[in-house]
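Colleague: Quick one: the structure is below, and I'll ask about it shortly.
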Amino acid sequence: MPAVLGTLGAVIAFAAALLGLVVQLVELRLRALRRTVPVWLEGRWLIALVGAGVLLAVGSMQYALITHDFALAYVADNNATVTPLLYSITGMWSALEGSILLWGLILTIVTAAVIVLYRRRHTDPVVGWATAVLFGCLTFFLWLIAGPASPFERTGGTLPSQGAGPNALLQDNPLVAIHPPLIYTGLVCFSVPFAFVVATLVVGRFDDEWRLESRRWAVFAWTVLTVGVVLGAWWSYQVLGWGGFWGWDPVENAALLPWLVGTAYVHSIVVEERRGLLRVWNATLGMAVFALTILATYFTRSGVLESVHAFSSSTLGPLILAFLTVVVVGGLALLAWRGDRLRSPVRIDEPMSREGAFVVNNVLFVGFAAVVLLGTVFPLAFQAIRHETVTVGPPYFDAVAVPVGICVLFLMAVAPVLSWRHADLWVSWRRLAPSAWAATALVVVLVATGVRGVGTLVAYFLAVVAAGAAVRTLAGNLRSTRGRAAPLWHGLVGRSSGGMIVHLGVVLACVGIVTSVSFATRAEVTLAPGQTKAVGGHTVTYLGLREVSDPVRKATQVVVRVDGRGVFYPAVTQFAGRSGQVVGTPAIDSGVLGDVYLTFDAIGQGSSVSGAQLVPGLRPGSVVLGVTVQPLLAWLWTGGLVVGIGGLLALIPARRRARGSRAAVPTAVLEAV
Amino acid sequence: MSPGARRLLGPGLLLVVLGVALLIGSGVFDTPAPAASTRIAALERIVRCPSCQDLSVAQSNAASSIAVRREIADAVHAGISSQEILNTLTARYGTSILLVPPASGLSTALWVAPIVLASVLVLVLATVAIRRRRSP
Amino acid sequence: MRRSHIVRIVAIVAIVAFAGIAVFLATRPVAQGATQVDSPLIGTMAPAFSAQTLSGTDVSLESLRGHVVALSFFASWCGPCRIEAPELATFQFDQRHRGTGVELYGVVFNDSDVAVRSFLHAYGLEYPVLTDPSGSIANDFGVTGPPVTVVLTPGGKVAAVLEGAVTSTQLSQVTEAAGRGPA
């Protein structure tokens, strides 16, 4: 029953989206010919039908998951009778086949939001074209859901009495409820700036109003995506067992690429807004971010980047690639057609200015994205040419990321104190001097206490200066609200203040990353019962073993006391379900000053313990624990949270700033279709 | 002293202090760590754990990873060059055992690209600067 | 004022470049079954080993001489191994039915006995499975990630190494060739 209803819902949604696209185009044509369009012939109403279809499809899948209906192959592969409610619900997106439903749902909601938000201006061709573009995207994804990528396939053969259960790594941590929806929301929301860029290019208009709207969506999308990526890293850290949080694997890189170009975009649209510059570049970036989100879908769903050991699936690859081609070629064609008329007649005055810093920011982020893309697809190209398998892993990406990171910190330190159009070096120095001296003092103290590593020290120096620059700007904003007798919170919202809070979050995260990577210590400690050993400034005591058994899991836990205070339970766990996967579940003692990460690696032979590696030669009863100490790692997660807060604050409109600083730029207005 | 020169005192002093601190901080005056352990650490970071997808032998504690770590340590203490060690491992497991392709042939493209892009950055800035100098 | 057409030129160049990349990506071959790799072990005597099966019986490489042997390195946590499992079941049934004498052995790759037992039970696999707790067998055969199937000739030489999920037909062809080729 859910299979039939689900497929029906998907088909209805697809048909409605296609119809919506067609009707919207007809409506645009009629309006261009200055004919009146009857209310019932407007394309936007069809979003309601799309929504109904999508809700039916999603509802059917959720119903099947919650009732553990193994007639659906997806449910049989990702759910078990003992799976708790939360993980049944999140099961819809914990595997690839089902997650496309989540994408479709979010895209539908976003399209509906666009239609509702701009309903008063729905006769404007820009809104009309943007709606059409969004309907077009919906048509594609809903077609995938209704057909080639349908998650509603029936189980072959006899119905199993027990499902395989969710992947063991995905059913122990509630973050699975938040991370994929956040990532998908961030990625999908980038469709809106794309739709508006395309619309303004087609219509031949590029005025203030739509720029501001696009910027809001882009900042929202970027903020959500950042929080999603950071949560994903936190989740892998908590679950995967190797103590790291970012592996530079193709799927991670696929989500990083739109984020990097998105960062460039949210900065360069500020330049366009203030000075009317970089229009063509912005139009390109706006379309590029969206194209990269489709590329991310392509990489994750086509299997083209997996190692030779993976069983490459699908027909899905060429289909998504075709859509990507339409998006990229279409966007480039629009630029080829209209781009030259879009260029602003004004140039950047000089590199030593706020605009110059933003340009450097853009080249840096886009360049880094290009290098990450190169590294990710390099094995594929290499295999095609040389017929050999190579891996491009962390050593490469880390080597490139470090100089980029230093440059980013430098820009954050310097840009906020540079003036627009022309920055006076002396004035800029005066603004930075206090933070620069504080930073130098910090470096001297660190070196005196024995900290070594030029890269690390330079990073700390720049981090302090960057924090100082951000705080200085924030203080200035707060002071000016006091001067205007406005409530204090006015100083904390808006682009400038929100942006500075985001920078503070980034600084925190960078400090966390630099410290934990530079000063992490790993050790394997062998402990007899009751024994204590010291690792990296902390002590671990082995107190004993504990077996835990409930319907969902069976685990053997090691009881460990860290630093004589907290007790933690790194374990080896087997989750219920047909496949009975056994995984190591780490335990983490997280603190402001650092994390102690514990894994249960091995146990002496002679103990009847399921799952852990038996190491002959180890005294029975002794355990081997993996201990990783990572200082200041929690600052990374905190920094991500601050970025999220700052981004949301930036979206709240501040008092409108004086327009005097904007260069007067004549805008040609063309009506076309 | 001219006001211009006086202005330079502040930043100048800061740069000197910072420079000295960084010089000491680079570890150039410390007794060097034994060459063997740095070599071992460097090798362990580049060699992929044979039974894992993405982890280096330094990061993974799978049995095969421990075995390879022991092998690397023995070879380094026996005085075998790093390149030799990598060659032996590549001959046994194939080129994908290294987390970074050896910098030869086609793989040089990987390292050339970031340098090219960095040059682009410099070029863009230079172009803007030159254009500004030319126009009144 | 005559505007330059630089944007148009750059855009068209970009379209052409992208079209090339798209064609390249679209023509990547989809994996059909496993890939036969050019392992340095082919033609050489297989590295000797001695291991215990899950049920405790001792098996050594020498005891396998005299017929074609397929060693399937797998793990319960490996996705393609699940896809391959029904194919291996079919393969074994097929070989028994036709009396070819080809023997199929599983080799556990970096996994625990408990998980492997559940896996075998779930997929109804009945062939003997060798444990490899130290990973030395996998290391000696150059296996760095499952699924990998190594086919040995009756004389104990490595005839073929297949990386990826095999299909029953594919493995039958390879084992047949191993039986006919040099011992």
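The values are calculated or read from the model by the stated rules, or taken from the named source; none is laboratory data. Please read these numbers as outputs of a predicted model, since none were measured by experiment. Positions of Cβ are backbone-derived with ideal geometry, glycine not excepted, and every protein chain shown enters the neighbour counts. Protein only, heavy atoms only, side chains kept; ligands, DNA and RNA dropped before computing areas. Shrake-Rupley method; radii C 1.70, N 1.55, O 1.52, S 1.80 Å.
Colleague: Out of the stretch C:131-140, which residues are at pLDDT 80 or above, surrounded by fewer than 21 Cβ atoms within 10 Å (Cβ to Cβ) and more than 8 Å from chain A (Cβ to nearest Cβ)?
Modeller: Of everything in the stretch C:131-140, those that are at pLDDT 80 or above, surrounded by fewer than 21 Cβ atoms within 10 Å (Cβ to Cβ) and more than 8 Å from chain A (Cβ to nearest Cβ) turn out to be C:T131, C:S136, C:D140.
Colleague: I need the full set of residues from the stretch C:76-89 which are open to solvent by 20 Å² or more (accessible area, probe 1.4 Å) and either in contact with a Gly (Cβ under 8 Å, 6 or more places away or on another chain) or free of Cβ contacts under 8 Å to residues at least 12 places away in the same chain (or both), in order please.
Modeller: Residues satisfying the conditions are C:G79, C:P80, C:A89.
Colleague: May I ask you to verify whether C:G181 is without any contact (Cβ under 8 Å) to a residue 40 or more places away in the chain, open to solvent by 20 Å² or more (accessible area, probe 1.4 Å) and within 14 Å of chain A (Cβ to nearest Cβ)?
Modeller: Spelling it out, it is not the case that C:G181 is without any contact (Cβ under 8 Å) to a residue 40 or more places away in the chain, open to solvent by 20 Å² or more (accessible area, probe 1.4 Å) and within 14 Å of chain A (Cβ to nearest Cβ).
Colleague: On to the next question. Would you check which residues across the stretch A:114-142 are in contact with a Ser or Thr (Cβ under 7 Å, 6 or more places away or on another chain) and either closer than 16 Å to A:S214 by Cα or outside any helix (DSSP H, G or I) (or both) and list them?
Modeller: Result: A:V114, A:I115, A:V126, A:L134.
Colleague: Only one of these is open to solvent by 30 Å² or more (accessible area, probe 1.4 Å) and touching a residue at least 60 places away in the same chain (Cβ under 8 Å): A:R472, A:R482, A:R495. Name it.
Modeller: Answer to the check: A:R495.
Colleague: Mind listing whichever residues of the stretch A:621-635 are surrounded by fewer than 24 Cβ atoms within 10 Å (Cβ to Cβ), part of a loop (DSSP other than H, G, I, E, B) and in contact with a helix residue (DSSP H, G or I) (Cβ under 6 Å, 6 or more places away or on another chain)?
Modeller: A:L632, the sole residue that qualifies.
Colleague: Can A:A255 be described as open to solvent by less than 30 Å² (accessible area, probe 1.4 Å), closer than 24 Å to A:A571 by Cβ, outside any loop (DSSP other than H, G, I, E, B) and not aromatic (F, W, Y)?
Modeller: No, not satisfied.
Colleague: With (1) in contact with a helix residue (DSSP H, G or I) (Cβ under 6 Å, 6 or more places away or on another chain); (2) at the interface with chain A (Cβ under 10 Å from one of its Cβ atoms); (3) more than 21 Å from B:S65 (Cβ to Cβ) as the list, and C:S76 as the residue in question, which single condition is left unmet?
Modeller: Evaluating C:S76 over (1) in contact with a helix residue (DSSP H, G or I) (Cβ under 6 Å, 6 or more places away or on another chain); (2) at the interface with chain A (Cβ under 10 Å from one of its Cβ atoms); (3) more than 21 Å from B:S65 (Cβ to Cβ) leaves (3) as the failure.
Colleague: If you go through the stretch B:1-54 one residue at a time, how many are open to solvent by less than 90 Å² (accessible area, probe 1.4 Å), more than 14 Å from chain C (Cβ to nearest Cβ) and polar (S, T, N, Q)?
Modeller: Selection size over the stretch B:1-54: 4.
Colleague: Go through the residues of the stretch C:151-168 one by one and say whether even a single one is within 15 Å of C:A75 (Cβ to Cβ), modelled with pLDDT of 85 or more and out of contact with any helix residue (DSSP H, G or I) (no Cβ under 8 Å at 6 or more places or on another chain).
Modeller: Within the stretch C:151-168 (the criterion being within 15 Å of C:A75 (Cβ to Cβ), modelled with pLDDT of 85 or more and out of contact with any helix residue (DSSP H, G or I) (no Cβ under 8 Å at 6 or more places or on another chain)), the answer is yes, since at least one residue qualifies.
Colleague: What number of residues within the stretch A:43-55 satisfy the criterion of being over 16 Å from A:W103 (Cβ atoms) and crowded, with 19+ Cβ neighbours inside 10 Å?
Modeller: Residues that pass the stated criteria total 4.
Colleague: Hey, does the stretch C:90-99 have a residue that's open to solvent by 20 Å² or more (accessible area, probe 1.4 Å), away from every other protein chain (no Cβ under 14 Å), hydroxyl-bearing (S, T, Y) and touching a residue at least 40 places away in the same chain (Cβ under 8 Å)?
Modeller: no
Colleague: Then there is this: Collect the residues in the stretch A:541-567 that are open to solvent by 70 Å² or more (accessible area, probe 1.4 Å) and either in contact (Cβ under 8 Å) with a residue 40 or more places away in the chain or within 16 Å of A:V525 (Cα to Cα) (or both), keeping them in residue-number order.
Modeller: A:L543, A:L545, A:P551, A:K554, A:R561
Colleague: Give the residues of the stretch B:85-136 that are in a loop (DSSP other than H, G, I, E, B) and either within 20 Å of A:H422 (Cα to Cα) or more than 9 Å from chain A (Cβ to nearest Cβ) (or both), sorted by residue number.
Modeller: Once the filter is applied, which keeps residues that are in a loop (DSSP other than H, G, I, E, B) and either within 20 Å of A:H422 (Cα to Cα) or more than 9 Å from chain A (Cβ to nearest Cβ) (or both), the stretch B:85-136 yields B:A103, B:S104, B:S135, B:P136.
Colleague: Follow-up question, since we're still on this one. Return the residues of the stretch B:55-83 that are at pLDDT 85 or above and within 11 Å of chain C (Cβ to nearest Cβ); say none if nothing qualifies.
Modeller: The answer is B:V68, B:E71.
Colleague: Looking only at the stretch A:404-430, filter to residues that are within 26 Å of the chain's Cα centre (by Cα) and β-branched (V, I, T); which one of those is most open to solvent (accessible area, probe 1.4 Å)?
Modeller: Within the stretch A:404-430, the match that is most open to solvent (accessible area, probe 1.4 Å) is A:I406.
Colleague: Also: In a loop (DSSP other than H, G, I, E, B) and within 15 Å of the chain's Cα centre (by Cα) - does that describe any residue in the stretch A:204-220? Outline the logic, then answer.
Modeller: Applying the first criterion (in a loop (DSSP other than H, G, I, E, B)) to the stretch A:204-220 yields A:204-207.
Next cut, within 15 Å of the chain's Cα centre (by Cα) only: none.
No, that holds for no residue.
Colleague: May I pose another question? For A:L134, indicate whether it is farther than 16 Å from A:M287 by Cβ and modelled with pLDDT of 90 or more.
Modeller: Numbers: farther than 16 Å from A:M287 by Cβ: no; modelled with pLDDT of 90 or more: yes.
Considered against the rule, which asks whether it is farther than 16 Å from A:M287 by Cβ and modelled with pLDDT of 90 or more, A:L134 comes out as no.
Colleague: What single numbered condition from (1) in contact with a helix residue (DSSP H, G or I) (Cβ under 9 Å, 6 or more places away or on another chain); (2) within 11 Å of chain B (Cβ to nearest Cβ) fails to hold for A:L425?
Modeller: Exception for A:L425: condition (1).
Colleague: Another question, if that's okay. Taking the stretch A:11-37 on its own, how many of its residues are of a type outside the set (A, V, I, L, M, F, W, C), open to solvent by less than 50 Å² (accessible area, probe 1.4 Å) and farther than 18 Å from A:W143 by Cα?
Modeller: Our first condition is that a residue be of a type outside the set (A, V, I, L, M, F, W, C); within the stretch A:11-37, this holds for A:20, A:24, A:27, A:29, A:31, A:34-36.
When the remaining residues are screened for being open to solvent by less than 50 Å² (accessible area, probe 1.4 Å), the result is A:20, A:24, A:27.
Still in the running and farther than 18 Å from A:W143 by Cα: A:24, A:27.
Summing the residues that are of a type outside the set (A, V, I, L, M, F, W, C), open to solvent by less than 50 Å² (accessible area, probe 1.4 Å) and farther than 18 Å from A:W143 by Cα in the stretch A:11-37 gives 2.
Colleague: What's the total number of residues in the stretch B:81-105 that are closer than 19 Å to A:P394 by Cα and either open to solvent by 50 Å² or more (accessible area, probe 1.4 Å) or without any contact (Cβ under 8 Å) to a residue 40 or more places away in the chain (or both)?
Modeller: Total meeting the criteria: 7.
Colleague: All but one of (1) open to solvent by 20 Å² or more (accessible area, probe 1.4 Å); (2) in contact (Cβ under 8 Å) with a residue 12 or more places away in the chain; (3) over 13 Å from the mean Cα position of the chain (by Cα) hold for C:Q170; which doesn't?
Modeller: Condition not satisfied by C:Q170: (3).
Colleague: Identify the residue in the stretch C:109-144 that is touching a residue at least 40 places away in the same chain (Cβ under 8 Å) and within 24 Å of A:T391 (Cβ to Cβ) and, among all such residues, is nearest to the chain's Cα centre (by Cα).
Modeller: Checked the stretch C:109-144; the qualifying residue nearest to the chain's Cα centre (by Cα) is C:V143.
Colleague: Being at pLDDT 90 or above and more than 10 Å from every other protein chain (Cβ to nearest Cβ) narrows it down to one of C:E126, C:E103, C:E176, so name that one.
Modeller: Being at pLDDT 90 or above and more than 10 Å from every other protein chain (Cβ to nearest Cβ) holds for just one of C:E126, C:E103, C:E176, which is C:E103.
Colleague: Going by what's in this entry, would C:R65 be described as of a type in the set (K, R), more than 10 Å from every other protein chain (Cβ to nearest Cβ) and more than 14 Å from the chain's Cα centre (by Cα)?
Modeller: Taking the combined requirement at face value, the residue satisfies it.
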